[in-house]
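Engineer: Can you keep this structure in mind? I'll have questions shortly.
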Amino acid sequence: MGKNLIGFYDSGVGGLSVLKVALNKIKNKNFVFFGDTLRMPYGARSAEEIRDYTIEAMGFFNDLGVDLSIIACNTATSYGLKKSNGTYDYPIIGVVKPGSENAVERTKNRKVALVATKSCVESGVYEKALREIDPTVELRSVYCPALTLAVESGDFEEEYVDGIVKKYIDEFGDYDFDTMILGCTHYPIVENSFKRILKREGKKVLMVDPAYQTVLDAMDILDINENEVEYKNRKIDFYITGDIKKFKYTMEKIVDLSSFEVNFHNVKIKDLEKYKK
Ligand code: DGL
């Protein structure tokens, strides 16, 4: 058993969209968050790099004594989840399976759209997960690198983000999907932009943010009840490989942590090397 901690790992601020869901539902744990901002975007990295970085982060969490880690990054889940589970004994879950289950539950016409990073799309992990649940589901994917970077930089000006989102939605052409998976944890942060553009184009689409099912799965594994009594002075420790100031700037636009004791720590890449497998 760990130290009553849950770990969240992402390349950057995207993982906050998962942490935010957890903060609403899990009241009796402290949280640690690892943001590998120095090496993001993962979406432009190779399978080997992403796998190695994920193993390092999971090793780091293991040393911190987490009860469970959530790989709050679709790209890291794609390449790093399997090896992480084969390497460490504590529970480690990703976002792809929960997101796929949710999408299959929601779609009526079996046509699903995925927006994700380039390396996540290329991994084919969502096709595989969806087809395992329902082989009749059709999936088309578009990768959105400019959107990941816009969110990471904290530039949420409506017109600017809408312009980026519209360009990517246009890439789906006349594909008449009824369900869209926000398959990069950076994207739920600008979910309203997706909703606005789809509505403007007259499309009725259900959005899937894999975070919800992922957090429910974590609660299930740890036997956590939503009605637990809230801990006093709950703590969140952030471990960031890049510039803490930049991370904080964007973080404060995404999530209100004023009721938590929050600490930031810088992690050096060379100190992660000991976790390499
Ligand atoms: N937030 C990450 C994901 O869910 C990846 C962003 C990136 O570093 O490219 O895939």
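The values are calculated or read from the model by the stated rules, or taken from the named source; none is laboratory data. The structure presented is a predicted model; accordingly, all values stated were derived computationally and were not measured. Note that each Cβ is placed from the backbone with ideal geometry, even for glycine, and that neighbours are counted across all protein chains shown. Calculation scope for accessible area: heavy atoms of the full protein, side chains included, ligands and nucleic acids excluded. Shrake-Rupley method; radii C 1.70, N 1.55, O 1.52, S 1.80 Å.
Engineer: Lysines within cross-link reach of Lys246: Cα-Cα under 22 Å, excluding same-chain residues under 8 positions apart?
Structural biologist: Lys20, Lys235, Lys268, Lys270
Engineer: I've got another one for you. Give me the one-decimal nm value for the distance between modelled label points at Asp155 and Asp89, 7 Å along each residue's Cα-to-Cβ direction.
Structural biologist: Spacing of the two 7 Å Cα→Cβ label points: 4.9 nm.
Engineer: Given only helices, namely DSSP H runs of n ≥ 4 each adding -39500 (n - 2.57), what is the per-residue ellipticity at 222 nm of the chain, to the nearest 500 deg cm²/dmol?
Structural biologist: Numbers: 11 runs with 124 residues, N = 277.
Taken over the chain, the calculation gives -13500 deg cm²/dmol.
Engineer: Now for a different question. Would you mind getting the accessible area per residue of region 1-118, heavy atoms of the protein chains only, 1.4 Å probe, in Å²? Kindly include the intermediate steps, with their values, before the conclusion.
Structural biologist: Values: 3780 Å² over 118 residues.
Normalised by residue count, the accessible surface of region 1-118 is 32 Å².
Engineer: Separate question: Label points 7 Å out from Cα along the Cβ direction at Lys195 and Asn24: separation in nm?
Structural biologist: Once both label points are built, they end up 1.1 nm from each other.
Engineer: Once the principal axes of the Cα atoms of region 79-211 are found, what is the range along each, listed largest first in whole angstroms?
Structural biologist: Between the extreme Cα coordinates on each principal axis of region 79-211 lie 46, 36, 21 Å.
Engineer: Another question, if that's okay. Take Asp63, project a point 7 Å from its Cα along the Cβ direction, then tell me which residues of region 77-98 have their backbone nitrogen under 16 Å from it.
Structural biologist: Flagged as within label range: 88.
Engineer: Regarding region 230-277, what is the average projected area of its C-alpha convex hull, in nm²?
Structural biologist: Directional mean of the projected Cα hull area for region 230-277 stands at 4.8 nm².
Engineer: Write out the trypsin sites (Lys or Arg not before Pro) in region 172-208 meeting two conditions: DSSP loop, and at most 12 other Cβ atoms within 10 Å of their Cβ. Could the numbers behind the result be given before it?
Structural biologist: On the way: sites: Lys195, Arg196, Lys199, Arg200, Lys203, Lys204; in loops: Lys203, Lys204.
When the trypsin sites (Lys or Arg not before Pro) of region 172-208 are filtered for loop state and at most 12 Cβ neighbours within 10 Å, Lys204 remain.
Engineer: Given bins 5 angstrom wide, list per bin the percent of all Cα-Cα distances in the chain, short to long.
Structural biologist: Answer for the chain: a P(r) of 1, 6, 13, 18, 20, 17, 13, 8, 4, 1, 0 percent.
Engineer: What would the Debye equation give as log₁₀ I(q)/I(0) for region 47-133 at q = 0.14, 0.19, 0.20, 0.22 Å⁻¹, counting only Cα atoms as equal point scatterers?
Structural biologist: -0.50, -0.83, -0.90, -1.02
Engineer: Shifting gears a bit: Using alpha carbon centroids, what distance separates region 26-72 and region 259-277, in Å?
Structural biologist: Each part reduced to its Cα centre gives a spacing of 9 Å.
Engineer: Please report the accessible area of Asp256 (heavy atoms, 1.4 Å probe, ligands and nucleic acids excluded) in Å², nearest 10.
Structural biologist: Here the residue's solvent-accessible area equals roughly 120 Å².
Engineer: Using the structure shown, list the pairs from Lys232/Lys253; Lys166/Lys248; Lys82/Lys166 with a Cα-Cα distance above 26 Å, or answer none. Can you show the working numbers first?
Structural biologist: Numbers: Lys232/Lys253 24 Å; Lys166/Lys248 28 Å; Lys82/Lys166 34 Å.
As for pairs spanning more than 26 Å Cα to Cα, those are Lys166/Lys248; Lys82/Lys166.
Engineer: With a Förster radius of 51 Å, plug the Cβ-Cβ distance of Glu228 and Asn109 into 1/(1 + (r/R0)^6) and report the FRET value to the nearest 0.05.
Structural biologist: Working: r = 39 Å, r/R0 = 0.77.
The formula returns an efficiency of 0.85 here.
Engineer: Now for a different question. Could you give log10 I(q)/I(0) at q = 0.19 Å⁻¹ for region 145-277, computed by the Debye formula over C-alpha point scatterers of equal weight, without solvent?
Structural biologist: Computed log10 I(q)/I(0) values: -1.21.
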